[in-house]
């Protein structure tokens with residue numbers, strides 16, 4: 001596989017550990033790659049309270065905008081309009097090891113209008129429950145080749161996100177006719193509705 005990035009270290013799953021801002025080629029040099037699984041995971045440090053974290057996917061056009069609410073894939077809208085992005089379902093507790101929520105992507109069937117597929121995690125009812133990402137540990141996003149189950153890359157979210165109720169973790173995006181993954185790791189005070197508004201949803 002043709003991987004190009006500045007640095008990066010091997011991850012336990014066999015892929016590359018990325019740092020914030022790093023990018024990796026997915027399809028360049030690996031033309032057969034089509035089906036991806038994007039896994040997101042986390043642990044909660046305060047077990048005395050109920051935490052419900054949710055993974056969301058924003059399918060953005062050329063201007064980094066959402067064409068409609070149906071272009072937000074999450075537990076209440078599990079399949080994108082083109083059928084290429086599928087959310088496996090809501091994990092209400094985050095208990096256990098491994099990925100807490102997963103998203104499948106069929107790159108070959110992503111609508112030509114979609115330029116970026118952005119992944120975020122939000123805390124459900126964070127404000128009323130007085131919860132934030134400072135109470136969340138071991139959060140990460142990773143990308144796997146669904147056909148071989150090989151981990152291609154992983155990005156561990158290690159910053160202090162104590163002022164954030166959501167984190168934009170990373171994105172799969174088009175670049176010169178190929179697909180790449182970029183590690184973002186930006187915390188935000190916006191919930192799902194706020195992030196959707198940021199991406200142009202009225």
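The values are calculated or read from the model by the stated rules, or taken from the named source; none is laboratory data. Just so it is clear, the structure is predicted and the values come from calculations on it, not from any experiment. Every residue, glycine as well, gets a Cβ built from its backbone with ideal geometry; the counts of neighbours run over all protein chains shown.
Below, the figures for the structure above:
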item: Filter result (assigned to a strand (DSSP E or B) and buried (at least 21 other Cβ atoms within 10 Å of the Cβ)) within the stretch 141-161; result: 141, 142, 143, 144, 152, 153, 154, 155
item: Lone qualifier among 43, 25 - being within 17 Å of the chain's Cα centre (by Cα), closer than 30 Å to residue 128 by Cα and either at pLDDT 95 or above or surrounded by fewer than 19 Cβ atoms within 10 Å (Cβ to Cβ) (or both); result: 43
item: Those residues of the stretch 4-22 which are surrounded by fewer than 17 Cβ atoms within 10 Å (Cβ to Cβ), within 18 Å of residue 185 (Cα to Cα) and either in contact with a strand residue (DSSP E or B) (Cβ under 8 Å, 6 or more places away or on another chain) or modelled with pLDDT of 95 or more (or both), in sequence order; result: 9, 19, 20, 21
item: Check on residue 201, touching a strand residue (DSSP E or B) at 6+ places or on another chain (Cβ under 8 Å), in a loop (DSSP other than H, G, I, E, B) and closer than 24 Å to residue 62 by Cα; result: yes
item: Check on residue 94, touching a strand residue (DSSP E or B) at 6+ places or on another chain (Cβ under 7 Å), at pLDDT below 85 and surrounded by fewer than 16 Cβ atoms within 10 Å (Cβ to Cβ); result: no
item: Unique residue being surrounded by 23 or more Cβ atoms within 10 Å (Cβ to Cβ), closer than 27 Å to residue 62 by Cβ and either touching a helix residue (DSSP H, G or I) at 6+ places or on another chain (Cβ under 8 Å) or modelled with pLDDT of 95 or more (or both) when the list is 122, 109; result: 122
item: Of the criteria (1) crowded, with 20+ Cβ neighbours inside 10 Å; (2) modelled with pLDDT of 95 or more, which one residue 164 fails; result: (2)
item: Within the stretch 171-202, tally of residues that are touching a residue at least 12 places away in the same chain (Cβ under 8 Å) and on the phi > 0 side of the Ramachandran plot; result: 2
item: The stretch 29-39, subset out of contact with any helix residue (DSSP H, G or I) (no Cβ under 8 Å at 6 or more places or on another chain) and at pLDDT 95 or above, residue nearest to residue 182 (Cα to Cα); result: 38
